């Protein structure tokens, strides 16, 4: 309420009750307001005292629930960390074993590849050595078996030896015809 409203109420009260009864009415109003305020304070005080035990119990329950939840959360977090660390360690062990196995397999494959390459080289050397031996024997003599057509009559010979020179017989120099394998008709 503003000051103007209070002023209007006081003027209306003066006109209605007169100046003599106004102090008695004011005293009665103030006494009623004091009693009303005292009653409300008493109700508040009584309400606070009666609910204090309930609020204390409620606070105790909420704090114990918070403590329990925090404890369970910490325990769960620790368990999760332990499981996570265990899984990480297991994975590290597995990956290190897998890497070691892969290195072993790689080394075995490389050893096998070297062995195969060595065997191929030896086989190639053996083949090259035989060809060179065959070429050397082919340079010296050439043996042919078979029949020789000499015009009107055929003469069969068991074997004949001819000396060949590498310049005049390039096939013998390259070792194409090996000894004892060349057969056929010569014209």
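The values are calculated or read from the model by the stated rules, or taken from the named source; none is laboratory data. Bear in mind the structure is a predicted one, so any value in this text is a computation, not a measurement. When we count neighbours, we look across all protein chains shown, and the Cβ atoms used for this are built from the backbone with ideal geometry, even at glycine.
Quick notes on this one:
Condition check ((1) out of contact with any helix residue (DSSP H, G or I) (no Cβ under 9 Å at 6 or more places or on another chain); (2) surrounded by 10 or more Cβ atoms within 10 Å (Cβ to Cβ); (3) touching a residue at least 60 places away in the same chain (Cβ under 8 Å)) across all residues:
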| position | (1), (2), (3) |
| --- | --- |
| 10 | no, yes, no |
| 53 | yes, no, no |
| 56 | yes, yes, no |
| 62 | yes, yes, no |
| 69 | yes, yes, no |
| 76 | yes, yes, no |
| 95 | yes, yes, no |
| 113 | yes, yes, no |
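- Each residue in the range 12-50 was checked for being outside any helix (DSSP H, G or I) and surrounded by 10 or more Cβ atoms within 10 Å (Cβ to Cβ), and 1 of them qualify.
- The requirement of being under 30 Å from residue 17 (Cβ atoms) and over 23 Å from the mean Cα position of the chain (by Cα) is fulfilled nowhere in the range 51-72; no residue meets it.
- Residue 4 passes every criterion in (1) at pLDDT 85 or above; (2) surrounded by 10 or more Cβ atoms within 10 Å (Cβ to Cβ) apart from (2).
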